[in-house]
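Below: one structure, written as structure tokens.
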Amino acid sequence: MTSPIPGLITWPVLAGIALVLAGRCWLLRDSIVDRLINRGLAATLCANLLQEAWFEKSLVWLLPGDDSDVVNIARQLSLGASVLTVSHVYGVAKLWAGAEPAHAWRRQRRYYLVTITTTAVILIAGTPARRADQLIDQTLGWPAVVVWVAFSLPLGATALLLGRICVREIRIASATTWRERALYTTSVCSTLGLGAVAVVYPLETAISVMTGQPSFAPEMHWKGWSGFLISAVAVPAAVTVPLISTLLAHTGWDRTGRYCRRLQPLWADLTAAVPEIVLETRRDHNGRIDPAIRLHRMTVEIRDSLLHLKRYSDSPGDLAAAGGDPRISARRIAEAIATKAAGHPPSTSRFTPRYQVRSGARDLNAELRRLLALAKAWPHARGLPRTAGLPTVRNGKHLGLPRRTREAEVFGL
């Protein structure tokens, strides 16, 4: 069928799908799930293009054969492309349900075989409609019932699997982040849409054939709209959510990246004062460091730096003690750095060895909040008169301290 969707709606949506697909192929292409999603998006793009009038005219110009045959075959092949999209959704759902990832592509080959078989049945049963140069619902008859039953069976199986998974996940997990809530919402909506299509398409056609009545919508407009909303809106919306999250992480504008930027000035000064605690961190294949790993390393190195600098401080407690005023803690830290930079030896009486640190589970969120508050107070503390000896940072280089040779290499700063 030729899409009944106006071009003002179709073009932006198809362009959006193409952009999402390009972005995922750039940033999300390593895991099995990512590759399945990318292939499913490509199939969705093909399914919608095969229903566009301008694309069908282009095929008529490019391909040999009768014009009506080319157009009608393209229309029916769009149904097969939709089933191909669903086969990838089913493959992702099986992994989500706990199937063995090592056998994912072996299973997917079986789903491809089902897709080929379904497409062949659609083309064979759709022959009367092609000969009459009509849409399937205009020709009707039992071949039309066969077409919609073959098309709906994969959709129904996928809807059942997704429905079980959604119910299980909603019961055992509480969606606390916007990404989880968006993913659950789009998954439930897509599941309900697939289930409705799988039931209504063949049922409505069978009732029309058995009663001898014409199709409820022989031009198939409502089927075009429902298929468009599911394949071109709901499914791409679900896979866009992790792409947005990955883009934010890639550009450093996710929550973890923002935390790293806020801690950066404090971390840079502390590790400049105690450069020996900085260790090399592995990078990914793109030469980047995962933001979560980077944030963890920054907090650990800030903590280790404070342990070392405690030997140069007159403070009786920890330099960044919980419950203390961050401004006072920042000033004490700045004074300790200035004392060390001035060449004063550490005081062994104030030495706090690691084994004296109280053991037990750490409240990492509370510790991160303390460090963020300390980082907020840090720029003011390091500029106070009593800390004039604190080394400054100029053009990315620390002055007045031993040269750090690995800082830029470690965190790419």
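Taken together, the values in this text are just the output of simple stated rules run on the coordinates, not laboratory data. These numbers come from a predicted model, not from an experiment. Glycine also receives a Cβ, built like all others from the backbone with ideal geometry; neighbour counts cover every protein chain displayed.
Between ILE328 and VAL209, what is 0.36 nm times their sequence separation minus the Cα-Cα distance? Round to one decimal in nm. Show your work: numbers first, answer last.
Working: separation 119, 0.36 × 119 = 42.84 nm, distance 8.27 nm.
Length difference between fully extended and current span is 34.6 nm.
Phi angles across region 8-15 convert, under the Karplus curve 6.51 cos²θ - 1.76 cosθ + 1.60 with θ = phi - 60°, into 3J(HN,Hα) values of 5, 9, 5, 4, x, 5, 5, 5 Hz, Gly and Pro given as x. For region 2-124, just say rounded, prolate or oblate: build the C-alpha gyration tensor, square-root its eigenvalues into a ≥ b ≥ c, call rounded for a/c under 1.5, and beyond that prolate if a/b exceeds b/c, oblate if not. The shape class here is oblate.
The modelled label-to-label distance for the pair LEU153/VAL199, using points 7 Å beyond Cα in the direction of Cβ, is 2.0 nm. Show which lysines lie in cross-link reach of LYS57 when reach means a straight Cα distance below 28 angstrom and same-chain residues fewer than eight apart are skipped. Of all the lysines, those that pass the test against LYS57 - Cα under 28 Å, at least 8 places apart if same chain - are LYS223.
So for region 7-251, averaging the separation of alpha carbon pairs under 8 Å that are six or more residues apart and normalising by length, what relative contact order in percent results?
Values: 262 pairs, mean separation 54.9, N = 245.
The normalised contact order for region 7-251 reaches 22 percent.
When you have a sec, figure out the Kirkwood radius of region 7-251 from all distinct Cα pair distances and drop it here in Å to one decimal?
Values: mean 1/r = 0.0529 Å⁻¹.
Value: 18.9 Å, from the Cα pair sum.
The packing ranking, built from the mean of other Cβ atoms within 10 Å per residue, places the peptides 136-147, 75-86 in the order 75-86, 136-147, highest first.
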